[in-house]
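Taking it in order: structure first as structure tokens, then the write-up.
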Number of protein chains: 2
Amino acid sequence: MTQLSSQTLQRTVELLSSWPGVGRRTALRYVLYLMRQPPEYLKSLAEALGRLPEEVQTCQLCGNYADAPLCTLCQNAKRSQQKIICVVEDIPALLAIENTGSFQGLYHVLGGCIAPGEGIGPEQLRVRELLDRVKQEGIQEVILAFSPTPEGDTTAFYLHKRLQEFPLRISTLARGIGFGNELEYTDDLTLARSILQRIPYSPMQG
Amino acid sequence: MTQLSSQTLQRTVELLSSWPGVGRRTALRYVLYLMRQPPEYLKSLAEALGRLPEEVQTCQLCGNYADAPLCTLCQNAKRSQQKIICVVEDIPALLAIENTGSFQGLYHVLGGCIAPGEGIGPEQLRVRELLDRVKQEGIQEVILAFSPTPEGDTTAFYLHKRLQEFPLRISTLARGIGFGNELEYTDDLTLARSILQRIPYSPMQG
């Protein structure tokens, strides 16, 4: 790919080329599209991007993205299952489940999965915060909603053990998700079914 | 797709959703990627986008994007075919040709094709500028490099007529079967043309 005739454009193409699934050709296509937009659009976009690091916070309760100390999900008293926490690995997983519209409880973003090989143990994750919430909020059910991967299984197994001391139901997503599939990219129907038909957690099941 | 828990994120997703080939799901994927980047990256990106309307100019000669009154292609005295102008519909077409590395002449971006139905006539395009360049720069060949569409053909036909008064060669892109194309699936028109305009076989040519 040759250099563009404008360094400003070239630099923008390079910045966009690092996006997931975006190569230089797609980045160029985006930049050519941007050049055809009114200056106001570009100003709005630049402002929105510049504000992301400053304005977007982490919800103090669940770990989701938020504009305030609490995210809109944790603030929403209309959600009907306030005593159920769905534990997820990360925010994309949360969004995937929320997008099915099949869950009316709360979430807890763990911030990853246990992966001893990468030096990620329970201390690196928001496990302490989960146990505190379970205790303080009188949670009746915890759904362990991890991807069916070795790390996800390990994490569910660990949390299951830690949650034994509480009088609550521990469930997991119904099988139906193919092995090795990422939660984030699972189709809505399968995901909706797997949360509606969640089953009691059993350490043997994997 | 549900609303995100942060309006700043939601707004960014909406701004990205208008990009070519980008739906809300891809836009969300981009935004989640952006949230994982260091703030410096987002600042750089925001700055680059904000600068596009101010800093990127149109080359006064060829109509390509430029950082200065003349683009780097028009400024480059090392290009060996300074007396040949390749006329293209728009900048993406220019970039596609330039990207082949097979042309060492100058370009002229017409700014569209003649389309009477849409109210686009020669006056709306950079035709006058092309004729001036041909005259002033002593151009010896003009390549009419339009897409093989009715609009492209009309525009080429019109320019051909207007260029008759100058002592120069007028050429167009070779039409035929593309590399890797199956003969069986090539359309009749292309196939007919490629047999009528057949060229001497050369073992080296591939």
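Among the candidates B:Thr26, B:Thr12, the residue that is facing another protein chain (nearest Cβ under 9 Å), in a helix (DSSP H, G or I), surrounded by 20 or more Cβ atoms within 10 Å (Cβ to Cβ) and of a type in the set (S, T, N, Q) is uniquely B:Thr12.
Yes or no, residue by residue, for (1) closer than 26 Å to B:Tyr65 by Cβ; (2) in a loop (DSSP other than H, G, I, E, B); (3) in the same structural domain as B:Val87 (by TED's automatic domain parsing):
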position	(1), (2), (3)
B:His108	yes, no, yes
B:Arg128	yes, no, yes
B:Val142	yes, no, yes
B:Phe146	yes, yes, yes
B:Phe179	no, yes, no
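Can you pull out the residues in region A:143-155 that are touching a residue at least 12 places away in the same chain (Cβ under 8 Å) and farther than 20 Å from A:Thr190 by Cα?
A:Glu151, A:Thr154, A:Thr155
Note on region B:13-58: residues that are β-branched (Val, Ile, Thr) and touching a Ser or Thr at 6+ places or on another chain (Cβ under 9 Å) amount to 3.
Here is a yes/no grid of residues against (1) of a type in the set (Asp, Glu); (2) part of a strand (DSSP E or B):
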site: A:Cys86; (1), (2): no, yes
site: A:Ala93; (1), (2): no, no
site: A:Ala96; (1), (2): no, no
site: A:Ser102; (1), (2): no, no
site: A:Cys113; (1), (2): no, no
site: A:Ile139; (1), (2): no, no
site: A:Thr154; (1), (2): no, no
site: A:Lys161; (1), (2): no, no
site: A:Glu165; (1), (2): yes, no
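Going through (1) surrounded by 14 or more Cβ atoms within 10 Å (Cβ to Cβ); (2) outside the structural domain of B:Gly152 (by TED's automatic domain parsing); (3) closer than 20 Å to A:Arg29 by Cα one by one, B:Gly21 falls short only on (1). Scanning region A:116-152 for residues being under 21 Å from A:Glu98 (Cβ atoms) and touching a strand residue (DSSP E or B) at 6+ places or on another chain (Cβ under 8 Å) gives a total of 14. Inside region B:62-108, residues that are of a type in the set (Gly, Ala, Ser), more than 13 Å from the chain's Cα centre (by Cα) and either within 12 Å of chain A (Cβ to nearest Cβ) or buried (at least 17 other Cβ atoms within 10 Å of the Cβ) (or both) make up a count of 5.
All conditions but one from (1) closer than 17 Å to A:Leu163 by Cβ; (2) surrounded by 15 or more Cβ atoms within 10 Å (Cβ to Cβ) apply to A:Asp132; the one that does not is (2).
The values are calculated or read from the model by the stated rules, or taken from the named source; none is laboratory data. None of the values given here were measured: they were computed from a predicted structure. Using ideal geometry, Cβ is built from the backbone for each residue, glycine included, and neighbour counts are taken over all protein chains shown.
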